[in-house]
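A short worksheet on the structure shown next.
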Amino acid sequence: MPSVLIKLRSSALHGLDGLQVEVEVDSIRGLPGQSIVGLPDAAVRESRDRVKFAITNSGFEFPAGYFTINLAPGNIRKEGPLYDLPIAVGMLLSSGQIKAENLHQTIILGELSLNGEVRPINGVLPICLSARDAGIKRALVANDNADEAALVSDLEVIPVKDLLEAAEYLNGDRTILPHAVDLKSIFDAGQEFDLDFADVKGQQHAKRALMIAAAGSHNILMIGPPGSGKTMLAKRLPGIMPPLSMEEALAVTKLYSVTGLLSGKAALITRRPFRSPHHTTSDIGIIGGGRLPRPGEVSLAHHGILFLDEFPEFEREVLEVLRQPLEDGKVTVSRALATFTYPAEFMLVAAMNPCPCGNYMDPVKNCLCPPHKLQRYWSKLSRPLLDRIDIQIEVPRLKNEELIKQPSGELSLVIRERVIAARERQTARLKGSSAHSNARMTPKQTREFCRLDEEAEALLKTAILHLKLSGRSYDRILKVARTIADLEGSEIISSAHVAEATQYRSLDAKGGDYNV
Ligand SMILES: Nc1ncnc2c1ncn2[C@@H]1O[C@H](COP(=O)(O)OP(=O)(O)O)[C@@H](O)[C@H]1O
Ligand SMILES: [Mg+2]
Ligand SMILES: [Zn+2]
């Protein structure tokens, strides 16, 4: 049978976008063989073997002749196994084993196993969003990718189990109903949290500071001896954060999708991320990167929390590269093959001991650290980095009498309601701008929305002089004061709000004591 040139639609991931890729399949008589051209990486080139076995193991004939598979346009790099399915379908069409009844405006994505099963691929959500925007009407995907693809509105998602099912569908021999998901029920599920603030004894001061941080999305640093409950407190933060909006959930899900971190079950990320990378994580792991740059921890924490426990144990380079995303809410990763910008609007939560032995400034225990060790410990945290942490608090060791008492604090659910109300005030105030929380206000917005009365202004001026605060700290205090007022439901920022916000610059105030 004479073969014909077949063109199919697929896609390539480019950062967080899907680019349209055409898979052209053509053959000539001659010795059997296939070559794949159009900047394929190793995984794409390995398609040849998978496709060959998948075709024969699905009951089709492996077509004779020499096949050339061209992935166009040729100037963008194609990676991963997602072209297996379109290539196999292209070869079946080209050799006349199936007809193209259902191929119009259809994108085909999927890896094949040797026995013909269609396997899920990374990045289905961004690929399908871009395809829909480019006018594609239908997507043929693995069963395990169907929920994720179906998050995209106005796109018909056809899930297939294996190559045979895909072939029968395209041939018009099999009906497959488009897959649909109930977004609202996915969204409403998974709003329950196992860890509650009510489990934490004492530490009222820390709990209040964490509530303020959650309400305004402020970065926070907790300093305290080992065992005082810093990690315990941080892990309970997700339970008091405001829920994600649908738009935010999609933005977060895209990042997890391209990183391959979406499990088959959870197609949509509905909770704010909580990332806690170990202090041995490299700067690439934190910021993102690789041969073709992938999102790092700062992006996986987008719209959520980046928890850096044992803060000074991180490499200095790692801590310094945090400055760009902390400032801009996004991160640009350049590697030889490409430069991508990924969103990274996270709330930094850091925890540390006051010194390597943990007893520095403890009223009872003695610190055994030699001065040079103490100095090296604190010098990891540069001034510009600390300046970007709005709230700095001490978390002291619990007294024995507090430890034996039952915990008596408020439930996370109650605290969360307050946080949500405060965040709603911010959203309304910042409507139409790119900032969604007080922490993200621009300098202009800070001036506009954080006006102080005379008394508050005078108080802040005194504090600035007294504590020798930088211009950056000044703005941070204003923003935190704004959040404290929002928690109280007050449009006016009073001197009490400013006084409390100033308290949270404990490192500015204690700089000398802490040797920084
Ligand atoms: N305030 C607290 N209330 C209840 N348990 C606490 C408290 N602080 C510490 N603990 C107990 O001590 C353990 C160690 O606390 P952790 O949060 O790891 O301390 P840190 O991170 O400050 O070293 C916790 O798992 C918890 O069992
Ligand atoms: Mg800890
Ligand atoms: Zn010490």
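Run through every distinct alpha carbon pair of segment 6-171 and return the Kirkwood hydrodynamic radius in angstroms, one decimal place.
After inverting the mean inverse Cα-Cα distance, the result is 15.4 Å.
Would you calculate the separation in nanometres between label points at N366 and A198, each defined as 7 Å from the Cα along the Cα-to-beta-carbon direction?
4.4
How much FRET efficiency would the formula 1/(1 + (r/R0)^6) give for I420 and E455, where r is the Cβ-Cβ distance and R0 is 25 Å, rounded to 0.05?
Between I420 and E455 the formula returns 0.25.
Work out, step by step, the length gained on full extension between H279 and M246: first 0.36 nm times the residue separation, then minus their alpha carbon distance; give nm to one decimal.
8.7 nm
Dipole magnitude of the chain about its Cα centre, charges +1 at Lys/Arg Cβ and -1 at Asp/Glu Cβ only, in debye to the nearest 20?
1100
Express as a percent, rounded to the nearest 5, the fraction of DSSP beta bridges in the chain (both residues included) that run antiparallel.
45
Work from the charge dipole of the chain (Cβ charges, +1 for Lys and Arg, -1 for Asp and Glu, about the Cα centre) and give the residue of A301, Q503, L195 farthest towards its positive end.
After comparing all options, I get Q503.
Can you tell me the orientation of helix 471-487 relative to the chain, as the angle in degrees between its alpha-carbon axis and the longest Cα principal axis, to the nearest 10?
So the helix axis and the longest Cα principal axis differ by about 90 degrees.
Which one of G38, I108, I287 has its Cα pushed farthest toward the positive end of the charge dipole of the chain, where Lys and Arg give +1 and Asp and Glu give -1 at the Cβ?
I287
Using a cut-off of under 19 Å, list every residue of segment 145-181 whose amide N is near the label point 7 Å from the Cα of E101 along the Cα-to-beta-carbon line.
Flagged as within label range: 157-179.
Return a whole-number percent for the relative contact order of the chain, with Cα pairs under 8 Å and 6 or more residues apart as the contact set.
Relative contact order here is 13 percent.
So if each residue of separation counts as 0.36 nm, and I subtract the Cα-Cα distance between D188 and L114, what length gain in nm does that give?
22.8 nm
Once R0 is set to 51 Å, what does the formula 1/(1 + (r/R0)^6) return for the Cβ-Cβ distance between S382 and E168, expressed as a FRET efficiency to the nearest 0.05?
Once the sixth-power term is evaluated, E becomes 0.25.
Rounded to the nearest 20 Debye, what is the dipole magnitude of segment 288-374 about its Cα centre when Lys and Arg each give +1 and Asp and Glu each give -1 at the C-beta?
240
Just the number: Rg to Rh for the chain, Cα atoms, Kirkwood Rh, two decimals.
1.08
Within segment 241-297, report the trypsin sites (Lys or Arg not before Pro) that DSSP leaves as loop and that have at most 12 other Cβ atoms within 10 Å.
Those that pass, being in a loop and sparsely packed, are K265, R291.
Residues in segment 25-65 near a label at V4, defined as backbone nitrogen under 20 Å from the 7 Å Cα→Cβ point?
In segment 25-65, the label zone of V4 (backbone N under 20 Å from the point 7 Å along Cα→Cβ) covers 25-29, 61-65.
As an exercise, identify the trypsin sites (Lys or Arg not before Pro) in segment 1-76 lying in DSSP coil whose Cβ has no more than 15 other Cβ atoms within 10 Å.
In loop regions of segment 1-76 (DSSP not H, G, I, E or B), the sparsely surrounded trypsin sites (Lys or Arg not before Pro) are R29.
In Å, what is the Rg of the alpha-carbon atoms in segment 416-515, and how long is Dmax?
13.8, 44
Positive end of the dipole of segment 342-412, charges at C-beta (+1 Lys, Arg; -1 Asp, Glu), about the Cα centre: which of Y360, L411, V349 has its Cα farthest in that direction?
Going by the charge dipole, the pick is Y360.
Working from Cα positions, state the angle (0 to 90°, nearest 10) between the long axis of helix 124-133 and the longest principal axis of the chain.
The two axes meet at around 70 degrees.
For A139, which sequence-distant residues (separation of 5 or more, or a different chain) have an amide H within less than 5 Å of its own amide H, given hydrogens modelled in the peptide plane?
It is I107, E156, V157, I158, by chain and number.
What is the helix-to-structure angle for 454-467, meaning the angle in degrees between its Cα long axis and the longest Cα principal axis of the chain, kept from 0 to 90 and rounded to the nearest 10?
90
Rule-based calculations on the coordinates, nothing more; no lab input. Note that the structure is predicted; figures quoted are calculated from it, not measured. Every residue, glycine among them, receives a Cβ derived from its backbone with ideal geometry; neighbour counts consider all protein chains shown.
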